[in-house]
Ligand SMILES: Nc1ncnc2c1ncn2[C@@H]1O[C@H](COP(=O)(O)OP(=O)(O)OP(=O)(O)O)[C@@H](O)[C@H]1O
């Protein structure tokens with residue numbers, strides 16, 4: 001199942017996500033924890049990889065490093081061929097808005113905005129001229145009939161669908177997903193992760209999903225496990 005494809009233009013650009021030898025220590029003095037210990041992970045465009053592992057294993061740290069939210073102490077992180085370590089803080093923020101989509105536990109939608117406005121705001125923030133049409137994308141996730149509904153008028157599964165549409169609206173090359181089913185029942189969990197897998201494959205996004213939910217792993221192309229900051233298998 002494992003695919004370590006790293007092409008598009010060999011030698012120059014590598015699509016998707018490529019983390020090489022990343023180390024990250026957190027905390028001070030004796031309380032220092034090696035949150036990432038020599039982590040190497042490659043995720044191709046159109047591939048969905050699940051990251052599982054016990055609490056404290058480093059899964060959130062992996063997402064933070066992949067998402068240009070945290071800079072590793074050593075090692076490199078490339079997204080769509082760009083080495084994040086070469087970007088200034090401002091460039092990283094811009095890159096994040098344009099190239100990386102985030103999906104959180106319960107959608108993390110803005111309470112005052114309706115579904116269509118959530119997507120429009122994201123397009124505006126990223127300054128994207130080539131993003132998807134918000135209504136078309138809401139239709140793709142089965143939410144066009146609720147385009148005018150605010151988050152408090154949506155179910156948990158519906159909020160998550162809007163969150164997924166919002167994460168994709170800028171045509172990101174990397175999608176980082178943190179426990180998307182934590183607030184959902186079993187049936188809705190299956191729907192949401194199946195939707196993520198479909199969008200990953202159809203839109204050629206590289207997706208990393210952290211989850212504790214073993215019932216949804218069959219939707220993923222590959223599963224990797226983290227233990228004590230290391231990727232094992
Ligand atoms: N700000 C911090 N300062 C010190 N240690 C931290 C900090 N953030 C996380 N850690 C430690 O780093 C390690 C990795 O944490 P991380 O949140 O990445 O794990 P996780 O696998 O996502 O856990 P969970 O499944 O509980 O969310 C843990 O031992 C954690 O206690």
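Quick notes
- Subset of segment 110-123 (residues that are touching a helix residue (DSSP H, G or I) at 6+ places or on another chain (Cβ under 8 Å) and assigned to a helix (DSSP H, G or I)): 115, 116, 118, 119, 120, 122, 123
- Identity of the residue in segment 84-105, surrounded by fewer than 18 Cβ atoms within 10 Å (Cβ to Cβ) and within 16 Å of the ligand (Cβ to nearest atom), that ends up modelled with the highest pLDDT: 104
- Only one of the numbered conditions (1) surrounded by fewer than 21 Cβ atoms within 10 Å (Cβ to Cβ); (2) on the phi < 0 side of the Ramachandran plot is not met by residue 108, and that is (2).
- Test: residue in segment 159-180 that is within 24 Å of residue 17 (Cβ to Cβ) and free of Cβ contacts under 8 Å to residues at least 12 places away in the same chain: no
- Selection count, segment 68-83, where residues are over 13 Å from residue 23 (Cα atoms) and away from the ligand (no atom under 13 Å from the Cβ): 7
- Residue 65 vs. criteria part of a strand (DSSP E or B), within 27 Å of residue 194 (Cα to Cα), within 12 Å of the ligand (Cβ to nearest atom) and at pLDDT 95 or above: no
- Test result for residue 81, over 14 Å from the mean Cα position of the chain (by Cα), surrounded by 19 or more Cβ atoms within 10 Å (Cβ to Cβ) and within 25 Å of residue 220 (Cα to Cα): no
- 1 or more residues over 24 Å from residue 181 (Cβ atoms) and within 11 Å of the ligand (Cβ to nearest atom): qualifying strands (runs of 3 or more DSSP E) within segment 17-60: 17-26, 33-43
The values are calculated or read from the model by the stated rules, or taken from the named source; none is laboratory data. The structure presented is a predicted model; accordingly, all values stated were derived computationally and were not measured. When we count neighbours, we look across all protein chains shown, and the Cβ atoms used for this are built from the backbone with ideal geometry, even at glycine.
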